[in-house]
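K.L.:
Can you read through this structure? Questions will come right after.
The values are calculated or read from the model by the stated rules, or taken from the named source; none is laboratory data. Predicted model, so just to flag it, every value in this text is computed and none were measured. Here the Cβ is made from the backbone with ideal geometry for all residues, glycine too, and neighbour counts use every protein chain on show.
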Amino acid sequence: MKFIKRLLLTGIKKSPWLLHFDCGSCNGCDIETLAVLTPVYDAERFGVINVGNPKHADIFLVTGTVNRKNQEILNNLYLQIPEPKVILAVGTCALSGGIFAEAPNVIGGVDKIIPVDIYIPGCPPKPEAILEGVLKSVELLEDKVKNGKI
Amino acid sequence: MDIYILTLLSIPLLAALLVYIVPFSKAKYIPILALITTSIISIKIFNLNNFDSQLNLKFNYSHLITVLDFILLLFFIKKGWENKDKPILFFNISSLLLLLFLELKIDNSPNFLINIDNISQIMLLFVNIISLFIFIHAIPYMQKHREHFSLKTTSNNNFFCILLLFVAGMNGLIITNHLLHFYFFFEITTLCSYLLIGHDRTQEAVANSLLALRLNSLGGLFFLIGSTGLYFIFPSVDILKIVQKAPVNSLFLLFLAYICLAGMVKSAQLPFQKWLLGAMVAPTPTSALLHSSTMVKAGIYLLLRFSPLFANTFFSTTLALCGGFTFLATALLAIGQDNAKKVLAYSTISNLGLIIACIGINTPASITAALILTFFHAFNKALLFLCIGTIEQKIASRNLEDMRNLYTLMPLTAIITVFGAIAMILPPFGMLLGKWMAIESSAQNILLVLMLALGSAVTVLYWARWAGLFMGYKLREKIKLESQSLLTRIPLLILLLAVFLLPAYSPWLYQEKIYPFILTYSHIWKNNLYLLLGGSFQNSFGSFPLFPLFSLAILGFFIAHYFLLKAKRKPLEIPYFSGLSIDKSSFGYVNPLGQRVIPKTSNYYLLQVIENSKLALWIDRLSLIFILLFLGGGLR
Amino acid sequence: MPMFLKLFLFLLSPFAIGVILGIDRKLTAYLQSRIGPPIFQPFYDLFKLLGKESKTSDYWLSFCAYVYLCGAITCAFLFFLQADLLLIFFVQAVGSIFLVLGAFSVSSPFSQIGGQRELFQIIAYEPLLIAVIVGIYLVTGSFEISSIYKLNYPLLAKLPLLFLILTFALTIKLRKSPFDISASHHAHQEIVRGVFTEYSGSYLAIVELAHWFELVFILGLISLFWANSFFMSTILVFLTYFLEIIVDNITSRLTWRFMLKNAWSVGIILALINLIWLYKG
């Protein structure tokens, strides 16, 4: 068990796979998020891969506000990500609901539904900020492994 | 020995008579007792090593058989007349005339009537044992079947009576050495097949039974044309003598081709495949016994008996091409089928094609392949048919798509079916051992080997799909073992064990039965015999380490099973469906109308490509060309 | 070759494959003018997946994953024992079939469709590989690998078209563009991961490891085409793999119809031509 844990520790530092979920954003944050994966910022040099499947993901990156229709989907995706995992809220809307906060169908920020580990503010945040958030979350993942949360 | 043979024929006949007379509720176990006896005898015969293969019988029953033969043909003619079916009339009247002509000429001296060699030992063994299990399975099946179709109470008596008659006929066919007696038993199987397909008396069943009768009568006619021709060139009806002494010239091969053609009709090779597909309307025990594991093997057996005659000829190569083409074409047609029994039927035809291709290659290695395939195919197909029969009665459908997630409903049967399908395509099981031998021995013939390569890939496609279908199950539903009659469960379990453990026995089967058989014709089959070294088949160009692979497979199974048990400690999660779910246990969504929508998937049946009647038409045409090539293959 | 050396090479082979896959990703990144992950990235991914929690959506999934691994290891091991090529090929089929069965056992449409497509990939490359193996037999007169090492000329000289077909089959087997139909390797072109969708955590790691062992067989098959010189066979493997990466990067996914049609028509015709050369030559 200890051996596997050490393997995981080496692995998780270098290979955080990321699931990006657009939870009703205006697409501004998504464009910036995807920019992180392009050759200019090249997130893959840190081992980050944008996967399309929660069952393979380590980092859950959410953009946009949560509304009544998709809160369940957000929750399901969260539950389907295997431990250890880190949740990243990107952009003002994901943090608090942003300018949509008062709308009748909007519940608010992502943390109303699922526990968020790292908040990246901005409307939209710069790609550098998102990249830094991802790297911060790698440290968090490491902590989670060290504290025995697997 | 005499007494063994007498019982092999008479016990099933006596039992048939008894079943016909006594009410079914009382006669239930008579067939089983009869078959246990014949199985024991066949095992005893199988264990004999040194015996006089050609028996000198004291009594001569040739005249009896001659009379019965005419009665049989008259019965067929009557059926043809009643149903106004011109082909049946034509085929049988011609057969009648030819037979009359032949009977006047031949001598019926009793000293060569029976011949038991190693292949007949193998055939006797599996025919009797498989019949036993199919009969056991048939008892609860036919009871339900009768209730479901609301047939007359005597219908089951008839059914078991005919099945027993068939077993007797098949035993006779295997041990006889007289060409015309062989023809008689050949026609007995035709009769049984005809009666059993029409058993339910529905419109479809009657039509299909007539189709079967039509094509098999044609096969019988072919047989008689062939034997008349052979008799004029080499005046003897002693099969063994013909095989050993007959002069192989072009005219002889032409008539031999007719005999082979009769075998191919019986084995439902292209373009005569239609009757076997139609035969799938029959109750499952019929399909399992006649149309997959035993009767269709009669054609193979016929070809095997004559195979030393045409070794190393172009004729043989054309036979192999016919077989190879059937293997590929029917495997392709099987992809387009969603009817489980039809898939099994196509797969049967396809595997028989492979066996015929092996006989056509006609080297020691390929004959070994043919025998191994025949042996294991019989067990494997019987198992799969019984599984489908059991499932069909439970869910009242033969459609494969209805059997999705069957694990939820009947876990044991589903798993047995999955393993049966896996044993068809993967090493180290018997079918793959045979296929490996087949491809290695056909490698000299480029066209054939490419057909086999393509066909084997397609076979993998439809079996893997088949196995995958049964494995799924619905979440959070408590899965408990289905309740079924012990008479249903025991045959399934025993056949499963046979399919899984018999491959480990194949080295002995080879060493004790197949190898001596090949050695008897060592002047024809010389090179590259398989030798057994430490449980692995080896010849000069390949080796199949059966025992090491078998032990690795067992090891792998237990490793995987350990992790399966480990995984079972955790609860199941819902599968990924874009995060949508109805509740905690099922994925899917509620649509704007408030209806629950659960996505369904189905197999690709490639309907645009495969079910296209154009493709079927072209396959028929091409197969006719191959048959024509084969007919004239000996002319030179 | 002495036995212990074979065993040593066998144990080393998955590491070599891991490094090759790492170089693959690095090169791909280079072709897209990125920096790309470190060379040992495939190992990091594997380690991480091994340690992660696995979400089981069907218990059979774990069974199938481990059978896949066992089958692939046996296949690679038999290759190093220089056993019968056709047999190794059939053992390889065990693994790939069980991968599909695992995908089929879950009723999620993504994994079902992935499984169906993987089956099409299998029937596209299987006949091609059998044709290649038969071609090798016609040259050496035996299906055993050891007989190839006895030749004093490279197989490539006699089987140029079959080598081409082998690379075709390799592309399908590696699930590289344009034949990344059942699942593309890093999900760059795809929403979910096809046949791998439901394999998560350690199961995905097992499947990935099994895939490495399968690659040992396929790349080994390529190395056999220049078997009489160790140096040249290594070069051949690397060159072929480099070409694979180039093709991967300059093409996009095609439909399975295209793949099947071409594998069965062009592939088989080329194989036939090459076999006729051998047969009559």
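K.L.:
Search the stretch A:130-149 for residues being touching a strand residue (DSSP E or B) at 6+ places or on another chain (Cβ under 9 Å) and surrounded by fewer than 16 Cβ atoms within 10 Å (Cβ to Cβ), and hand back the single one that is nearest to A:THR38 (Cα to Cα).
P.N.:
A:GLU132
K.L.:
Which is touching an Asp or Glu at 6+ places or on another chain (Cβ under 6 Å), surrounded by 13 or more Cβ atoms within 10 Å (Cβ to Cβ) and within 25 Å of C:ALA93 (Cα to Cα), of B:GLY542, B:GLY535?
P.N.:
Answer to the selection: B:GLY542.
K.L.:
Here is a further query. If B:MET410 satisfies every condition in (1) over 30 Å from B:GLY633 (Cα atoms); (2) touching a Phe, Trp or Tyr at 6+ places or on another chain (Cβ under 8 Å); (3) more than 14 Å from every other protein chain (Cβ to nearest Cβ); (4) not β-branched (Val, Ile, Thr) but one, which is the exception?
P.N.:
Evaluating B:MET410 over (1) over 30 Å from B:GLY633 (Cα atoms); (2) touching a Phe, Trp or Tyr at 6+ places or on another chain (Cβ under 8 Å); (3) more than 14 Å from every other protein chain (Cβ to nearest Cβ); (4) not β-branched (Val, Ile, Thr) leaves (2) as the failure.
K.L.:
Next question. So which of B:LEU469, B:LEU452 ends up being modelled with pLDDT under 90 and either closer than 22 Å to B:THR348 by Cβ or not assigned by TED's automatic domain parsing to the domain that holds B:SER350 (or both)?
P.N.:
Step by step, each of B:LEU469, B:LEU452 is checked, and only B:LEU469 is modelled with pLDDT under 90 and either closer than 22 Å to B:THR348 by Cβ or not assigned by TED's automatic domain parsing to the domain that holds B:SER350 (or both).
K.L.:
Six or more apart or on different chains, Cβ atoms under 7 Å: show the pairs whose first residue is in the stretch B:340-353 and in contact (Cβ under 8 Å) with a residue 40 or more places away in the chain and under 15 Å from B:PRO271 (Cα atoms) and whose second is charged (D, E, K, R) and surrounded by fewer than 24 Cβ atoms within 10 Å (Cβ to Cβ).
P.N.:
From the stretch B:340-353, no pairs qualify.
K.L.:
Residue check, B:SER292 against (1) part of a loop (DSSP other than H, G, I, E, B); (2) under 17 Å from the mean Cα position of the chain (by Cα), all met but one. Which one?
P.N.:
In the conditions (1) part of a loop (DSSP other than H, G, I, E, B); (2) under 17 Å from the mean Cα position of the chain (by Cα), B:SER292 misses (1) alone.
K.L.:
Return the residues of the stretch A:103-116 that are part of a loop (DSSP other than H, G, I, E, B) and surrounded by fewer than 20 Cβ atoms within 10 Å (Cβ to Cβ); say none if nothing qualifies.
P.N.:
Answer for the stretch A:103-116, where residues must be part of a loop (DSSP other than H, G, I, E, B) and surrounded by fewer than 20 Cβ atoms within 10 Å (Cβ to Cβ): A:ALA103, A:PRO104, A:ASN105, A:ILE113, A:ILE114, A:PRO115, A:VAL116.
Rundown of residues vs (1) at the interface with chain C (Cβ under 7 Å from one of its Cβ atoms); (2) in contact with a helix residue (DSSP H, G or I) (Cβ under 9 Å, 6 or more places away or on another chain); (3) buried (at least 24 other Cβ atoms within 10 Å of the Cβ), yes/no style:
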{"residue": "B:ALA421", "(1), (2), (3)": "no, yes, yes"}
{"residue": "B:MET431", "(1), (2), (3)": "no, yes, yes"}
{"residue": "B:GLY434", "(1), (2), (3)": "no, yes, yes"}
{"residue": "B:ALA438", "(1), (2), (3)": "no, yes, yes"}
{"residue": "B:GLN444", "(1), (2), (3)": "no, yes, no"}
{"residue": "B:LEU450", "(1), (2), (3)": "yes, yes, no"}
{"residue": "B:ALA464", "(1), (2), (3)": "yes, yes, yes"}
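K.L.:
Among the candidates C:ALA131, C:ALA83, which residue alone is farther than 24 Å from C:THR255 by Cα and either of a type in the set (Ser, Thr, Tyr) or crowded, with 22+ Cβ neighbours inside 10 Å (or both)?
P.N.:
Going through C:ALA131, C:ALA83 in turn, the sole match is C:ALA83.
K.L.:
Conditions first: (1) under 28 Å from the mean Cα position of the chain (by Cα); (2) without any contact (Cβ under 8 Å) to a residue 40 or more places away in the chain. B:TYR562 passes all but one, so which condition is the exception?
P.N.:
(1)
K.L.:
So, in the stretch C:20-51, of the ones that are among the aliphatic types (A, V, I, L, M) and at the interface with chain A (Cβ under 9 Å from one of its Cβ atoms), which residue ends up farthest from the chain's Cα centre (by Cα)?
P.N.:
Checking each candidate, the answer is C:ILE35.
K.L.:
Please find, within the stretch B:10-60, the residue that is modelled with the highest pLDDT out of those that are exposed (fewer than 15 other Cβ atoms within 10 Å of the Cβ) and among the aromatic types (Phe, Trp, Tyr).
P.N.:
Per the criteria, the residue is B:TYR29.
K.L.:
With the requirement that a residue be more than 9 Å from chain B (Cβ to nearest Cβ) and hydrophobic (A, V, I, L, M, F, W, C), what does the stretch C:82-123 give you?
P.N.:
Residues satisfying the conditions are C:ILE88, C:PHE89, C:LEU99.
K.L.:
Moving to a separate point now. When residues of the stretch C:233-261 are filtered for being buried (at least 16 other Cβ atoms within 10 Å of the Cβ) and within 14 Å of chain B (Cβ to nearest Cβ), how many remain?
P.N.:
Summing the residues that are buried (at least 16 other Cβ atoms within 10 Å of the Cβ) and within 14 Å of chain B (Cβ to nearest Cβ) in the stretch C:233-261 gives 3.
K.L.:
Of everything in the stretch B:584-636 that's more than 30 Å from B:GLN273 (Cβ to Cβ) and basic (Lys, Arg), which residue is modelled with the lowest pLDDT?
P.N.:
Here the answer is B:LYS584.
K.L.:
Does the stretch B:267-281 hold any residues that are closer than 16 Å to B:PHE186 by Cβ and assigned to a loop (DSSP other than H, G, I, E, B), and which are they?
P.N.:
B:SER267, B:ALA268, B:GLN269, B:PHE272
K.L.:
Which count do you get for residues in the stretch C:241-257 that are within 21 Å of C:ILE113 (Cα to Cα), in a helix (DSSP H, G or I) and touching a residue at least 24 places away in the same chain (Cβ under 8 Å)?
P.N.:
1
K.L.:
Only one of A:LEU74, A:LEU18 is farther than 18 Å from C:PRO37 by Cα, in contact with a strand residue (DSSP E or B) (Cβ under 8 Å, 6 or more places away or on another chain) and touching a residue at least 40 places away in the same chain (Cβ under 8 Å); which?
P.N.:
A:LEU74
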